[in-house]
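Taking it in order: structure first as structure tokens, then the write-up.
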Amino acid sequence: MEFQLLNKLSNADSIASNEDEVRTLLKKQLKGYEETFQFDGIGSLMVTKRATHKDAPTIMFAAHMDEVGFMIRYISDIGMAHVVTIGNVEVRAESMQLVRATTNNGEKIEGLLNVNYDATGHINQMYVDFGFDSREELLEAGLDVGNMVCFASHCHELKPQDIIAGKAMDDRASCFALVEAMNQLVDVDLDVNVVAAFTSSEEVGTRGGRLTAQIVNPDIFFAVDVAKNPELDRGFMNTRKLGKGPMIEFYDKTMVPNAKLLRIVCEIADSAGLPYQKDMFKGGGTDAGSAHLENGGIPAVVLGIPLRYCHDPYSLVHKNDLEVMCQLIKTLAGYLNKDNVTEIKKF
């Protein structure tokens, strides 16, 4: 598996409802599916691999395009751009970080993210110092209220060549694995229609998952997402170890998966010899949390890629987990059919 696309996806800047850079990369990479492209009203991209026969069930895999970041809220007289967070940026990442803003004409301007604190030690104001000394200078540079601000990170491999560091691996790692799987399925005969949804605005309320599920009305929904690895824990309670395969999620606070579907996913992975980890979310949620409630209810499961330092300027991801996730998506697409989908939905 080649990882140049992952580098490009990670380096692209795309917060909620500003996913143009990522969507453009995905459309180019999925050129073979161009005639099937669909979009919802907020910018999610859906592509379809059609089954070989009519009346086939439809399964959807959804990976979100947006990352956590910032947006310019105010501009001070001394040229500081005060920002708000878009998504749950880690508090430790909200000061002394190099960031870049995207102007209305697409220019990238770097600055230093900083904060000040109130009397209780909590962050009072968050601002970016671009080096300007006045409001006029900042505006003349093309910056304005509403501009997107992202971490100015550069995706690259670390010394262990199976580890890649970069920003926005939540959820560009999953976008990458899903693109690779879809491209490998182009010439494969399937008994199900497979829809890959690259969703908008997951980080601000799992909005794209809800809309794409409403539009497509799949019989089965898979959220392809990530979860944070507790980096100092190598014990039995760490079910998100890097390099040990994707996570199959048994619970989160927004969704308890369909038990039959969950069991079948594990059986399929076991039969194919694909390593995986059985995980649960204590908090948070994914696109499956909103999608599984659409259209009378859709059986759903979350497939996750373990990351270290999620929602930070850099996350670490293991190449093996990306490769196995790609294989798992392909294997699920090849195994599911009308009979087992009907059985999953039988109560």
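For the reader, a short list of remarks on this structure follows.
- Within-12-Å neighbourhood charge of Gly334 [Cβ basis; K, R +1; D, E -1]: 0
- Estimated from helical segments only, the mean residue ellipticity of the chain at 222 nm is -8000 deg cm²/dmol, where each DSSP H run of four or more residues counts as -39500 (n - 2.57).
- Efficiency of FRET between Lys260 and Asp55 - r from beta-carbon atoms, R0 25 angstrom, step 0.05: 0.70
- Between His82 and Thr342, the contour length at 0.36 nm per residue exceeds the alpha carbon distance by 88.3 nm.
- Largest accessible area first, the listed residues Lys282, Lys253 line up as Lys282, Lys253 when surface is computed with a 1.4 Å probe on the assembled protein chains.
- FRET E, pair Glu136, Gln38, Förster distance 45 Å, beta-carbon r, rounded to 0.05: 0.55
- Taking N as the residue count of region 6-135, its C-alpha radius of gyration divided by 2.2 N^0.38 Å amounts to 1.40.
- Computed over the chain, the convex hull of the alpha-carbon atoms projects to a mean area of 18.5 nm².
- In Å², nearest 10: area of Met237 left accessible to a 1.4 Å probe: 150 Å²
- Two-site FRET efficiency, Asn295 against Glu90, from Cβ-Cβ distance with R₀ of 45 Å, rounded to 0.05: 0.80
- Debye log10 I(q)/I(0) at q = 0.11, 0.12, 0.15 Å⁻¹ for region 1-66, Cα point scatterers: -0.31, -0.37, -0.56
- With the simple spin-label model, which puts each label point 7 Å out from Cα in the Cβ direction, the Tyr117 to Asp162 separation comes to 4.0 nm.
- If the convex hull is drawn through the Cα atoms of region 221-276, its volume per residue in Å³: 106 Å³
- Bridges between two residues of the chain, per DSSP, are antiparallel at a rate of about 65%.
- When each of Lys278/Lys338; Lys54/Lys244; Lys49/Lys278; Lys282/Lys346 is checked by Cα-Cα distance, pairs over 31 Å: Lys54/Lys244
- Note on Cys175: accessible area approximately 0 square angstrom, rounded to 10, probe 1.4 Å, nucleic acids and ligands left out.
- Of the residues Met80, Met96, the one with the largest accessible area comes first in the ranking Met96, Met80, computed with a 1.4 Å probe on protein heavy atoms.
The values are calculated or read from the model by the stated rules, or taken from the named source; none is laboratory data. Fair warning: this is a prediction, and the values are worked out from it, not measured in the lab. Please note: Cβ atoms are built from the backbone with ideal geometry, for glycine as well, and neighbour counts cover all protein chains shown. Quick note on the areas: whole protein, heavy atoms, side chains included, nothing else; ligands and nucleic acids left out. Shrake-Rupley method; radii C 1.70, N 1.55, O 1.52, S 1.80 Å.
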